[in-house]
1. For the chain, take the alpha-carbon Rg, divide it by the Kirkwood Rh, and send me Rg/Rh.
2. Which order do Arg46, Arg9, Arg144 fall in if you start with the one that has the fewest other Cβ atoms within 10 Å?
3. Starting from the amide H of Val141, placed 1.01 Å from N in the peptide plane, find each other amide H under 5 Å away whose residue is 5 or more places distant or on another chain.
4. HN-Hα J couplings of region 120-130 from phi, Karplus 6.51/-1.76/1.60, θ = phi - 60°, integer Hz, Gly and Pro as x?
5. Report for region 7-77 the percent antiparallel among DSSP-assigned beta bridges with both residues inside it, nearest 5.
6. Per DSSP H run of at least 4 residues, take -39500 (n - 2.57); add these up for the chain, divide by its residues and hand me the 222 nm value, nearest 500 deg cm²/dmol.
7. Gap in Å between the Cα centre of region 1-69 and the Cα centre of region 100-138?
8. Taking neighbour Cβ counts within 10 Å as the exposure measure, how do Ser11, Ser79 sort from fewest upward?
Amino acid sequence: MVLIALLQRVSEARVEVEGETVGAIDAGILALVAVQPEDGETQCRRMLERILGYRMFADQQDRMNLSLRDTGGGLLLVSQFTLAADTRSGMRPGFSTAATPAQGRIWFDHLVEIARQQWQGVEIGRYGTHMKVHLINDGPVTFRLEV
């Protein structure tokens, strides 16, 4: 299994829980993250390296040659176990491919911890709650990363 992140280039994004904004950024990356059972330290470190270094922002020639490290934008990390769903058959997703809530929390929290050590402007949703994610996808630009 692999750690999954769905990256969206945003001009702004925020997460609300019960009407309260719990995390918000201006221009940058909204990363929806799903932990799978075999994920751990290696996957978290590699995913963060890719999120911060993935070239999805336009340079002066309007080519996607700049990363979050280059632009200095915000990073909003939101847990989303449904990205790990097994959707290969039937009309209902299966979640045996997702980490347990306890295991997912451990590795999502670890990803947040190492992100905050390496990047200013890291915001998060609230793990395990019903969240409303508001965003303006700039482009639209969306990439699915797996490590």
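Every read-out reported here was derived from the displayed coordinates using simple, explicitly stated rules and does not represent laboratory data. All of these numbers come straight from a predicted model, not from anything done at the bench. Neighbour counts run over all protein chains shown; Cβ positions are idealised from the backbone, glycine included.
1. Ratio value, two decimals: 0.96.
2. Ranking Arg46, Arg9, Arg144 by Cβ neighbours within 10 Å, fewest first, gives Arg144, Arg46, Arg9.
3. Arg9
4. Per-residue couplings from phi come out as 7, x, 8, 10, 9, x, 10, 4, x, 10, 7 Hz.
5. Taking every DSSP beta bridge within region 7-77, about 75 percent pair in antiparallel fashion.
6. The helix-only estimate for the chain comes to -7500 deg cm²/dmol at 222 nm.
7. 10
8. Placing the least packed residue first, the sequence is Ser11, Ser79.
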